[in-house]
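Quick notes on the structure that follows.
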Amino acid sequence: MRLLDRHVTLFSGSLRTLLRRESDRRRCADSPYAWLFQPYMGDELVAIACYVTPTSSSPLISLAAVVLSQQQVRTSHAFVMTLGTPEHIESATLRRHQLLYQAGDIVPPSSESLSALVEFIGNRPIIGWQLDKRISTLNVVLRATLDFALPNAQVDVAKLHQRQLRRSHPQVELPSTFAKALACWQVPRVGMQSVLGAATASALLYMRLQRIMAETD
């Protein structure tokens, strides 16, 4: 898995998280989801963007997952959905949420819809901007419905960006937002107004930082 070799230390996860993943793995050992906990041996990753709008009942969650390799971001191979409950369907909150994140029709957070998500991601490593924070609500929903959170190896692109910026420009103030990081490394803001655009931009930023790190090592 050459894409991850140079920044294994950026894998997200406290000791508590790692212990919880191990507990999930044992509990799912005889389930159809057991393969998700197996080590991944390929060269693909999945970039994830996730946006949450709290409501009085349950949160609205829009997410996109895009497959990437060393050579390309496969935007034609993407998974996009908005999770919500029936009371959201005619709400002004949902209309605002959809206008902001352009994530398509709402689907219930059922075992069927969440199984489709985790099977799309598979056991490939996942990357994203401030990944732990972004997927924390999603993991709560996954645990409540499927009895496990995403078990994948994770790389936080924000941490990768900060480390590389300190190496190349130690006197520069670190950009604090995703948009500023994209501008810093001259990565195009591809459809950033949508959740799919945000996932694609995360993938492009990751690949850009990979190339820079390879050139400077």
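Any idea how far apart Lys180 and Glu112 come out in nm if each label point goes 7 Å out from Cα toward Cβ?
Distance between the two pseudo-spin positions: 4.5 nm.
Excluding ligands, DNA and RNA, what is the solvent-accessible area per residue of the stretch 23-169 at a probe of 1.4 Å, expressed in Å²?
Using a 1.4 Å probe on heavy atoms only, each residue of the stretch 23-169 averages 47 Å².
What are the GluC sites (Glu not before Pro) within the stretch 112-177 that DSSP puts in a loop, where the Cβ has at most 12 other Cβ atoms within 10 Å?
Sites meeting the loop and neighbour criteria: Glu173.
Short version: ³J(HN,Hα) in whole Hz for each residue of the stretch 116-121, in order, from phi by Karplus 6.51 cos²θ - 1.76 cosθ + 1.60 (θ = phi - 60°), x for Gly and Pro, what are they?
Result, rounded to whole Hz: 4, 5, 5, 6, 5, 5.
Rolling a 1.4 angstrom probe over the protein chains, ignoring ligands and nucleic acids, what is the accessible area of Trp185 in square angstrom, nearest 10?
About 20 Å², rounded to the nearest 10.
Ignoring ligands, DNA and RNA, what percent of the accessible area of the chain is carbon or sulfur (1.4 Å)?
That fraction is 53 percent.
How big is the charge dipole of the stretch 128-217 about its Cα centre, in debye rounded to the nearest 20, if each Lys and Arg gets +1 on its Cβ and each Asp and Glu gets -1 on its Cβ?
For this selection, approximately 160 debye.
Need one word for the stretch 11-98: rounded, prolate or oblate. Basis is the Cα gyration tensor (sqrt eigenvalues a ≥ b ≥ c); a/c below 1.5 gives rounded, then a/b vs b/c decides.
Cα axes put the stretch 11-98 in the oblate bin.
Which listed residue (Val118, Ser176, Leu150) has the Cα farthest towards the positive end of the charge dipole for the chain, taking +1 on Lys and Arg C-beta and -1 on Asp and Glu C-beta about the Cα centre?
The one lying farthest along the dipole's positive direction is Ser176.
Ignoring everything but the protein chains, give the 1.4 Å probe accessible area of Leu19 in square angstrom, nearest 10.
In the full protein context, Leu19 sits at about 110 Å².
Mind running the shape call on the stretch 56-142? Use the C-alpha gyration tensor, a ≥ b ≥ c as the square roots of the eigenvalues: rounded below 1.5 for a/c, prolate if a/b tops b/c, oblate otherwise.
Cα axes put the stretch 56-142 in the prolate bin.
When all protein chains stay in place, what accessible area (Å², nearest 10, 1.4 Å probe) is found for Lys180?
110 Å²
Dipole of the chain, Cα-centred, from +1 at each Lys and Arg C-beta and -1 at each Asp and Glu C-beta, to the nearest 20 debye?
I would put it at about 660 debye.
The values are calculated or read from the model by the stated rules, or taken from the named source; none is laboratory data. Owing to the predicted nature of the structure, the values given are computational and were not obtained by experimental measurement. Every residue, glycine among them, receives a Cβ derived from its backbone with ideal geometry; neighbour counts consider all protein chains shown. To get the accessible areas, we keep the full protein, side chains included, count just its heavy atoms, and leave off ligands, DNA and RNA. Shrake-Rupley method; radii C 1.70, N 1.55, O 1.52, S 1.80 Å.
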